[in-house]
Amino acid sequence: QVQLVESGGGLVQAGGSLRLSCAASGRTFSSYAMGWFRQAPGKERQFVAAISTSGGSTSYRDPLKGRFTISRDNANYTVYLQMDSLKPEDTAVYYCAARPRAVAVVAGSYDYWGQGTQVTVSS
């Protein structure tokens, strides 16, 4: 069982940056691949980025490459999402998720989810 708690969301102007954090419970954190997803009002949950158990492999939604960076700190059971050059269309609730072993880009492949953190980008 893994419990996930996101933080770091907020209101930022277009062009600004935010760093989201997701703190995980449990000493098995390093055995889980981690993902970030987002969901805007009236839209489906969307893959953002994912990282392998060791952090050596990452995957991104194509349009977000170069602006978003996922990383993890296994010693502190935390995964991060650095978001730069934010745009109003990045406004959404951002969720972190965990699944055993391999990275995945489909939300249904993840077993554990946090409660989400709101990111609002003003124009």
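The values are calculated or read from the model by the stated rules, or taken from the named source; none is laboratory data. Remember, predicted model here, so these are calculated numbers, not experimental data. Positions of Cβ are backbone-derived with ideal geometry, glycine not excepted, and every protein chain shown enters the neighbour counts. Heavy atoms of the whole protein, side chains included, go into the accessibility calculation; ligands, DNA and RNA do not. Shrake-Rupley method; radii C 1.70, N 1.55, O 1.52, S 1.80 Å.
Checked against (1) under 17 Å from E6 (Cα atoms); (2) in a strand (DSSP E or B), Q115 passes all but a single condition, namely (2).
So, G42, is that one open to solvent by less than 40 Å² (accessible area, probe 1.4 Å), closer than 24 Å to Q13 by Cβ and of a type outside the set (A, V, I, L, M, F, W, C) or not?
Values: open to solvent by less than 40 Å² (accessible area, probe 1.4 Å): no; closer than 24 Å to Q13 by Cβ: yes; of a type outside the set (A, V, I, L, M, F, W, C): yes.
For G42, the condition - open to solvent by less than 40 Å² (accessible area, probe 1.4 Å), closer than 24 Å to Q13 by Cβ and of a type outside the set (A, V, I, L, M, F, W, C) - is not met.
Would a scan of region 54-67 turn up a residue that is among the basic types (K, R), open to solvent by less than 40 Å² (accessible area, probe 1.4 Å) and not in a loop (DSSP other than H, G, I, E, B)? Even if it seems obvious, please write down each step before you answer.
First, the residues of region 54-67 that are among the basic types (K, R): 61, 65, 67.
Retained after the next criterion (residues that are open to solvent by less than 40 Å² (accessible area, probe 1.4 Å)): 67.
Applying the additional criterion that residues be not in a loop (DSSP other than H, G, I, E, B) yields none.
Checking region 54-67: not a single residue is among the basic types (K, R), open to solvent by less than 40 Å² (accessible area, probe 1.4 Å) and not in a loop (DSSP other than H, G, I, E, B).
V79 satisfies every condition listed in (1) of a type outside the set (D, E, K, R); (2) open to solvent by 30 Å² or more (accessible area, probe 1.4 Å); (3) assigned to a strand (DSSP E or B) except (2).
If only residues of region 102-119 that are touching a Ser or Thr at 6+ places or on another chain (Cβ under 7 Å) and open to solvent by 50 Å² or more (accessible area, probe 1.4 Å) are counted, the one that is farthest from T53 (Cα to Cα) is V105. Could you please find all residues in region 30-43 being farther than 16 Å from R61 by Cβ and either without any contact (Cβ under 8 Å) to a residue 60 or more places away in the chain or under 11 Å from the mean Cα position of the chain (by Cα) (or both)? Residues satisfying the conditions are S30, P41, G42.
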